[in-house]
Every structure is written in C-alpha cells, then in structure tokens.
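The values are calculated or read from the model by the stated rules, or taken from the named source; none is laboratory data. Here the structure is a predicted model, which means the values were calculated and not measured. Every residue, glycine among them, receives a Cβ derived from its backbone with ideal geometry; neighbour counts consider all protein chains shown. Just the protein is used for accessible areas: all its heavy atoms, side chains included, with ligands, DNA and RNA removed. Shrake-Rupley method; radii C 1.70, N 1.55, O 1.52, S 1.80 Å.
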Amino acid sequence: MAAQDTQSVPASATGSPSFPETWSRVVIVSVDPQVDGGQWPVRRSVGETVEVVAGVIIDGHDRLAVELLYRHEGDGDEQVVRMPLRYNDEYVGRFPVEQLGRYTYRVRAWVDRFGTWQDQFRRRVEGGESERELKSELQDGAALLREAARHAPARAARQLRDYADAFEEGAIDDALDAHVVRLARDHDPREGAVESRPFAVEVDPEHARFAAWYEFFPRSAAAEAGVHGTLDDAAARLPRIKELGFDVVYLPPIHPIGEAFRKGKDNAPAAQPGEPGSPWAIGGRLGDGTLGGHKSVHPELGGLDAFDRFVAKADELGLKVALDVAFQTSPDHPYVQDHPAWFRQRPDGTIRYAENPPKKYQDVYPFDFEGDDWEALWEELKSVFDFWIDHGVRVFRVDNPHTKPFAFWEWCLAALRRDHPDLIFLAEAFSRPKIMYTLAKLGFNNSYTYFAWRNTRHELEEYLAELSGEVGEFFRPNFWPNTPDILTEYLAHGGRPAHVIRFILAATLSSVYGVYGPPYEHVYNTQHPKREEYADNEKYEIRTWNWNDPDSLQPLMKRVNKIRRENPALQFWRNVTFHRCDNPNVLAYSKAHGDNLILCTVSVNPFQAEAGWVHLPLEDWGLAAGEPFEVEDLLRGEFYLWHGAANFVHLDPGVMPAHLFRIRRRGRTEQDFEYFV
C-alpha cells in the first residue's frame, strides 16, 4: 500500500476516519531490486541489464497494464518498457545500463480497461454467445477506443477511430486483433494509475565487475638482491604481469616512511639500521630533507616523476593502477606538526598512537574525525584522492575503512564520483557483515571478503549463497586467497596443490579476484610462528623474487586468466549454480551467460586424490537426457563425451585438482570423438 501516492487518513472530530483524497484499485506491493526500501542504489556495471520485478495486484479479475520507466541522470526524457505478467501477480521488465553514473527507475500500473474488455470478449466468442450480444459488447469496446483516441497523437488517433468504426459495424475479428490491444494500451488515459517511488542504480566501470588484480611491493622489484627497488624497476615488471593476464596492478603505500618508532623485521618493536619500515607508517623525509606525506612518493622509489612514468607504462599496456590509501600517519608526517588538532591528544599533550590493547602501534597515529577541526580534516583527506586522480589513478584500495566514520565515506565518495564516476574503491574491511555491507552501500564498489577462510564445500556453498542473494544487489566481492596480512593455515599446510585450488576457486567463483602475487606464484608459504601471516613479511623488509621462475604458478595464472577472458560466463559472479556430487570433498558448480556454459569441478582436499559422480541439470541446460554431449576441459585442452545426468570426475592434487569444462549444448555422435581423450 505504501507504494501509492496516498495520504494517511486522520480521524475526524467524531472519531470516524475521513475519506482518502485519492485512491485506486491498483496496488504496487513490491519492486525489486532495491536496497533498504530504496535508501541506497543497487550496483551494476556498464553493459549489464537490470531486471525489475514488480508485484502488482487488483481486486477482482481485471487485467493490469504495468510499465517500467527509467532514465540516466544525464538524460532528459524517461524510457518506457512494458512489463508483461510472469506469474502470481509478478510483472517483469528489463533495461540496459550503458553509461557510468546513476540511473533511476520506477514502476507505473493501471487498469488495462481495453485489455480486460478484449479478454472477456474473446471468452464470449469462444463460449458461443449470440451475434446480438456480441454486437452490444462491441459498442462498449468502441467507446473505449474513442476515449483512447482523445489522448493519442493524430496518426494513432485515426487508427483507433478506424477500429472503433469497425467494431460498431460488427467486426469481430478486428476486436480480437493483437495490434488493437497494444494500440489502446499505449494511449490509455491511465485513470487511477499508481506509481512506485523512484529507485536508483549506480553503474560502475566494467572492471569493477570483471578484473584480476595483482599486488606487489615496488621496493622489492629491483633486479639485484637486497637493493631497494624503484618505480622504474616496478614498471619493468608490468609486461610480465600483463602477459599473465592480470588487469589491475595494486601497489601498497608508496609514500615516505616514518623513522620514529619504525618497526623492524617481522614487526619487531624497533628497526635495525637500514631496515625500511612498514609502508603503512606514512610520512617521512624526502630527498631534500623536507617532510612528505600522503601526496608524496618515497625518494628511494624515485619520487613523483617515477610514479607518473609507472602509470604511463601501465596505461600503454592496458593495465589499471590501484593505489593504497591508508588514512593514518607516522609521527614524522607533516600533518602532525601543522595540524595537531587532527589527532587525539593524551592528557600530557602527546598524540595518542594506534593501539588494540595489549598491542601497541607507536609508529602509527590515527586521525580524530570528530575533533574541532573535523571539516578541514575531511576536506584534506578528500584532496588526497583528488591528488592521485590528477596523476592518473582511478582505482583505490582503502585500508581499514571500517575504522573511519561512515558519514565521512558517504560524503567523500559521493563528492569524488560527482566529477569521476569511473572510480573504483576496494574496501579492506575484514569486519562484521553488517559493517562490510554498509560500506558497500555507501559507495565501495569492491570489497574484500572471508573467502580466504571458507575451505570446505559446505562453507563455500553457504558463503556464495549469502553473497549472491539480496546482498549481491550492492555488495561486489573481490576474492583474495592471500594478502600481505593473510597466509591461511590451508595455504601454509597444503603447499602447491592448495595454492592451485584456491587460485582456481577465487578466479571462477567470483568474476573479480586478486592475489598478493610474488609469494603466491612462487608458493612461498612459510607462516609466522605466532600469526596467520607470512614469515619474513614483505611489509617490513625488502624481498627478492625470481620473477621468471619456470617452476612457479605463472603458467596456471596465465591459462586461467585466458579462460576467463574467453568465456563470458566467468565474467559475472551472481550466476553461479552448485550441483550435487556424492563426494563431499568435490565442489561442482556451473556458470552460464548466453550460449556460454562452464562447469567447474574442484577438489577442496590438497592432500590426496578425490573422485565422485557429479549430477547435472540437463533439462535446464537444454540437453536431451538420452543424447551424448561434448565437454572440453579448458585447463588440459582435452575433450570428453558424456552421457546422462551423472558423470564421473577424478581429481589428483599432484596433477591438477580441478576441471574447467566448457559444455557443448549440441552433442555429437560417438564417431566424432574417436580422436578425443
């Protein structure tokens, strides 16, 4: 009822309710998709389609006309799409989103008086009513057409009047014509029409939905072991990353690092001479001795000019550069001296450093977003994004956004997108679900998830069901099996097979995923003895990697990313469907988009071979139960001929613990497969 534009009914002086000022027999009871009743926009990417389902009811059996009206914020007129009845009072319409920015849509409905008349007239004809009775009914139909003609432009009005004349002459066949009912509906006076409230769709760039991210530390990119790398050294690594099939190159903070309370190797409380410190302790000396912060580049990385060259090289290769934004400072940051009111003060006048008792982080100062000078602080932090946007960055990974006020993010992200609707923000918020989901509603169009800790078949199926349901209207998961902060027990103990399994799952369950690249591709999985993270952690020291190791996972990464690019079904993530397998250690799922159908079977056991029968929905796939069909294993380049709904798979972690099958919907004969494996 709330969808109608009606007023509440106040009680009169006598206690009896007054009549409503407006009312209609038509009620819009639901509109989907929507987020929190329309408070927040749903999210899509350029090239997707929004399917709108409206629940619309009326008393009795009259037919309804329901239409979808939509427009982009930069357009003038609304586009109108008819919403046909699906079933159970649900009407469905679709519209494409082809531009960045915001679209709005709403639903309008009214009694389709002529459609109702034609339906009843058809039943009268089929029921054998007399010619006299039918002629009388035709007069009513003609009157409805003449009323519609009064609301139609000249050409349509003439057509409607011609039909009305034919009705009055007893033309039964004309009365049953499909064209006349469409013509009458298009120009119906829409008496008693009701409308839903408007809803919004925020449209992101395509690579918010489909992308592979690769993270590495540029200071570890030098060719010579132990030497502090530059951004020019890092730029020399970009062609290899592009060749592996990645789309986004993500750099941890590139700013000068503080010296006060600098952390040492493996997060030791004090750094030894020559240790570089954590890049997240932002703010330190530049080459000329002055202090630099969030708008500066570490001098040993080559300064701002080297960063511009890095971005130019990435652009040349078709790679997006993602930059880490961490809103915190070292004690050496110029903000500390110039704006002490932006930080929390202790009773003795010193600035309060970050801590999570009993843990202390003396090398990091958090901002005070509620201080007396909060407006100036908010403007300055927004200007950090503006600065790097001016230097060609359109993708940002935001560190710990859940520890900053939600009101700040709502204001900041909306302000940035007014000028730059192509921005992508990845929220690094490993927090409670409601917090993570709220950040997505506020404008973060990618989010880290708990995928890294979902290891069993049941856990993965349950988690994907949660993420792809209503949450999926606004929350877009970016699956990472590892980060500099995360080396799970599964990867630490499962070795190379575990790395293969988790990489394939991340790249196929979600359409956007990432890896902290060098340790992952080299299967470096030595875990810190006290923490679920890497030993000899690159956050605190310079590491040396063999960028062209023939024994690495680079061939697998290249192969999987190529498969993703060539198969549209893997470029979306809410289209995943899980299938039954009689082995609980085998995860089976499919994805479809248009004619492209991919079936994935993955063992979740990195220690021993697993096998089982996978049961497939052949009818849903358009496959005849009694005919053979072809499957192509895209990982191995092998072909098989399968029969029936149940098919056997064998997965050996020592060889390849997964199949990525492309299903051919039209099967071939046995003779066609003589050369197949």
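Quick notes on this one:
- Here Arg209 meets the list (1) under 33 Å from the mean Cα position of the chain (by Cα); (2) surrounded by fewer than 20 Cβ atoms within 10 Å (Cβ to Cβ) almost entirely, failing just condition (2).
- Just one of the numbered conditions (1) open to solvent by less than 70 Å² (accessible area, probe 1.4 Å); (2) part of a helix (DSSP H, G or I); (3) in contact with a Leu (Cβ under 7 Å, 6 or more places away or on another chain) is not true of Ala152: (2).
- Residues of segment 263-317 that turn out to be open to solvent by less than 50 Å² (accessible area, probe 1.4 Å) and of a type in the set (D, E, K, R), as a count: 3
- Listed by position, the strands (runs of 3 or more DSSP E) enclosed by segment 610-669 that each have at least 2 residues that are open to solvent by 40 Å² or more (accessible area, probe 1.4 Å) are 610-615, 638-642, 646-651.
- The listed residues are Asp119, Asp89, and the only one of them that is on the phi > 0 side of the Ramachandran plot and under 47 Å from the mean Cα position of the chain (by Cα) turns out to be Asp89.
- Identity of the residue in segment 544-564, touching a residue at least 60 places away in the same chain (Cβ under 8 Å) and open to solvent by 40 Å² or more (accessible area, probe 1.4 Å), that ends up farthest from Asn596 (Cα to Cα): Thr544
- Of the helices (runs of 4 or more DSSP H) lying entirely inside segment 236-350, those containing at least 2 residues that are at pLDDT 95 or above and within 27 Å of Pro366 (Cβ to Cβ) are 303-317, 334-338.
- Yes/no for Arg123 being basic (Lys, Arg) and without any contact (Cβ under 8 Å) to a residue 40 or more places away in the chain: yes
- Residues that are of a type in the set (A, V, I, L, M), open to solvent by less than 10 Å² (accessible area, probe 1.4 Å) and either under 30 Å from Val35 (Cα atoms) or modelled with pLDDT under 95 (or both) do occur in segment 508-516.
- Selection over segment 382-398 of residues that are within 17 Å of Ala326 (Cβ to Cβ) and within 19 Å of the chain's Cα centre (by Cα) gives a count of 4.
- Segment 172-191: number of residues that are surrounded by 15 or more Cβ atoms within 10 Å (Cβ to Cβ) and out of contact with any strand residue (DSSP E or B) (no Cβ under 6 Å at 6 or more places or on another chain): 10
- Helices (runs of 4 or more DSSP H) completely within segment 361-474 that count 1 or more residues being in contact with a Lys or Arg (Cβ under 6 Å, 6 or more places away or on another chain), open to solvent by 20 Å² or more (accessible area, probe 1.4 Å) and at negative phi: 374-390, 457-468
- Restricting attention to segment 570-609 and to residues that are farther than 20 Å from Ala507 by Cα and charged (D, E, K, R), the residue that is least open to solvent (accessible area, probe 1.4 Å) turns out to be Asp582.
- Within segment 494-516, the set of residues being assigned to a helix (DSSP H, G or I), over 19 Å from Ser468 (Cβ atoms) and among the β-branched types (Val, Ile, Thr) comprises Val500, Ile501.
- Unmet criterion (only one of (1) touching a helix residue (DSSP H, G or I) at 6+ places or on another chain (Cβ under 8 Å); (2) assigned to a helix (DSSP H, G or I); (3) of a type in the set (Lys, Arg)) for Arg132: (1)
- Some residue of segment 221-231 being open to solvent by less than 10 Å² (accessible area, probe 1.4 Å), of a type in the set (A, V, I, L, M, F, W, C) and in contact with a Pro (Cβ under 7 Å, 6 or more places away or on another chain): yes
- Against the numbered list (1) closer than 26 Å to Ser278 by Cα; (2) in contact with a helix residue (DSSP H, G or I) (Cβ under 7 Å, 6 or more places away or on another chain); (3) acidic (Asp, Glu), Glu355 comes up short only at (2).
- Qualifying residue in segment 219-229 (condition: in a helix (DSSP H, G or I) and at pLDDT 95 or above): yes
- Residue tally, condition under 18 Å from the mean Cα position of the chain (by Cα) and surrounded by fewer than 22 Cβ atoms within 10 Å (Cβ to Cβ), over segment 232-246: 0
- Under the condition of being of a type outside the set (A, V, I, L, M, F, W, C), over 49 Å from the mean Cα position of the chain (by Cα) and part of a loop (DSSP other than H, G, I, E, B), the residues counted in segment 163-184 number 2.
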